[in-house]
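Laboratory data are not the source of any read-out in this text; all were calculated from the coordinates shown. All values reported here derive from a predicted model rather than from experimental measurement.
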Amino acid sequence: MWGYPPEFVEACRVALTVTPEEIRGSPVYVHDVGTGVSGFYGLGGEPPRATLEYLFVEPDATRDGVGTKLLRHAIATACRAGFGEIEVESDPNAEDFYLRRGAVRVGEAESTVEPGRFLPLLVMDLALPAAEPDRAKRARSR
């Protein structure tokens, strides 16, 4: 989808594979409207900070609001579980998606797949209303 070469995608396979053990160990949610899975996410972490372990959307569904629905669900789930914020280690191409929904960049993390490649590290304050149009503006003004 984002033009990554096949060899890079293959190198990421192990790091991005969700195992049965991971599913048993932390909540995983799937977006399925009856025609098949179009996306999923997983939460981890310890209060007060949840971690969005992964949020993936099928390429054909990227402009259908699936990512926003999954993120809203993740925020609601984290709030119900007593978390105050969510940390996201984002693909660089997805960073703007999270920033538009109120995340704030707090640093970067080195890729475990490609040394020298850095991924945006973002935090979402769950005290702010989820995915409102002015959420990002309020978060930046704090």
Euclidean distance of C-alpha centroids, region 1-77 and region 79-97, integer Å: 11
In nm, what is the difference between 0.36 nm times the number of residues separating residue 2 and residue 121 and their Cα-Cα distance? 40.9 nm
When Rg and Dmax of the Cα atoms in Å is calculated directly from the model, which label among [x] 61.3, 203; [y] 14.0, 41; [z] 15.0, 42 fits? [z]
Note on the chain: contact order normalised by length, alpha-carbon pairs under 8 Å, 6 or more apart, percent, works out to 18
